[in-house]
1. Residue 371 fails exactly one of the following numbered conditions: (1) modelled with pLDDT of 90 or more; (2) part of a loop (DSSP other than H, G, I, E, B); (3) not small (Gly, Ala, Ser). What is the number of that condition?
2. Which ranges mark the strands (runs of 3 or more DSSP E) fully within region 247-357 that have 1 or more residues being within 20 Å of residue 83 (Cβ to Cβ) and open to solvent by 20 Å² or more (accessible area, probe 1.4 Å)?
3. Within region 204-219, take every residue that is at pLDDT 95 or above and either assigned to a loop (DSSP other than H, G, I, E, B) or of a type outside the set (A, V, I, L, M) (or both) and give me the one that is most open to solvent (accessible area, probe 1.4 Å).
4. So which residues in region 139-156 are surrounded by fewer than 18 Cβ atoms within 10 Å (Cβ to Cβ) and either under 24 Å from the mean Cα position of the chain (by Cα) or assigned to a helix (DSSP H, G or I) (or both), if there are any at all?
5. Only residues that are touching a strand residue (DSSP E or B) at 6+ places or on another chain (Cβ under 7 Å) and either outside any loop (DSSP other than H, G, I, E, B) or at positive phi (or both): list them for region 120-138, please.
6. Would you mind listing the helices (runs of 4 or more DSSP H) fully within region 27-119 where at least 2 residues are touching a Pro at 6+ places or on another chain (Cβ under 8 Å)?
7. Mind listing whichever residues of region 236-246 are over 16 Å from residue 121 (Cα atoms) and open to solvent by less than 40 Å² (accessible area, probe 1.4 Å)?
8. Taking region 16-26 only, how many residues are in contact with a Pro (Cβ under 7 Å, 6 or more places away or on another chain) and of a type in the set (Val, Ile, Thr)?
Amino acid sequence: MTPQSPVAVLLSPRPAVVEAARRVGARTLVLAPDLSRPGVREAAGAADQAITVDWTDHPQLMMAIGHLTNLPARVCVFGFTEASALIAARANEALRFPGNPHAAVAYLTDKAALRGKVNQLTGAPVRFEHCDRAAHLVAAAERVGFPCVAKPRTGSGGQDVHLLRSAADAADLAAQLSGEPALIVEEFLDGPEFSIEAHSRAGEHTILAITRKYGAVDTVGVGVTEYRTTGYDMPADLDEDTRERIHRLVVATLNAAGQRGGLSQTEVIVTADGPRLIESHAHPGATFVQELLRLATGTDPIALGIASALELPPPEPAFDDRRCAGSRFLRLPAGLLEAVEGIAEARAIAGVRELEITVPVGSHVPEATSRVAGHGYVTAVADSPQELDAVLRKAMDTLRPVVAPAPSVLSGAMTSQFPRDVPREVVKEEEHTAA
């Protein structure tokens, strides 16, 4: 790299984001409110420069990077989460740096605004209602029709997404909400769920991969039901007609929002009447999805997005062939984790690439919520969807957790298998790990 090399300004990035930017030939400037935080500290250490700044404060951000307008090199601000992508777009627009229009990112951030526009411009409308007061939730849900889904208009990470099966469910949820929750209430879409990773440049959209998502339903309170993701398969096993219809819906959605450049993730349900939009985002999928894209296609989406915005040569894929890659999240029963047997055997299974238990032995198992998909995961690769499923099932079945039941749990056997979640079509988004 030279002083004339393009500059990637990265908002609280993971270390892998800094590595991707440097790999494509960009200089890196890390901005974060606290450079000592785990993850950010390592990213700052690997960057060319790091500055402590609260980038959520627009004037502070402008003061920190305004001088970069004087550089002869190309500069772009990057954010790879819901909040940071919107802030990056605003900064790029203010400083006349390249990047996705702020209005496009705003459309993709506001689920209700995007839903309304996509409903007008496509032949795949979805019934929905705005709901800005908890007292109006029951009426809004009744107008949409049951079952329906209530979620924050600008939420992310699958947090606070609720399935309402009746007016009683809506009333129970309303009683738990603040006075002005800013929700979107929309019809329940029944069918398998898919996540589509795309890259846009000059308004042209390239589909990088379609991922099959699996989920399960959790009851988290009286009449309140949430979803959690239990696994991914990439690429999704689809017939050509369904794949093409998904492509058309994603392109129409991104065009409706005004997406011009950068990475995006769009989530759809394939209903009996065809693909229907859940939501779309002006940033890549969660870290898990990014890793699956690298394993399945050899493409590093972060490196691709940075290179494209800075007009650097696109990174070459790590390999030419295509594979199937997938992950399954592990869920432990409540109690004290005394051991997990079979880890070495599971890691030795052909095709298993990564296995991690995130609960330390000797500690109590935390509740798995919509923001904590599970208590560990297995990632594997294979030559076909069927082989991939077999590898992941074998790895999951090989693991044998030993959990002492919590005091509130009835006494019973001390050893319990990981519960097997039955794949269930869901309408929630995956937690977007801070980039």
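The values are calculated or read from the model by the stated rules, or taken from the named source; none is laboratory data. None of the values given here were measured: they were computed from a predicted structure. Here the Cβ is made from the backbone with ideal geometry for all residues, glycine too, and neighbour counts use every protein chain on show. Ligands, DNA and RNA are stripped out before the accessible areas are found, and what is left, the full protein with its side chains, is counted by its heavy atoms. Shrake-Rupley method; radii C 1.70, N 1.55, O 1.52, S 1.80 Å.
1. Residue 371 satisfies every listed condition except (1).
2. Strands (runs of 3 or more DSSP E) meeting the threshold: 262-271.
3. 204
4. Hits for region 139-156 are 139, 142, 143, 152, 154.
5. Passing the criteria: 128, 129, 130, 131, 137.
6. 40-46, 82-95
7. 236, 238, 242
8. 1
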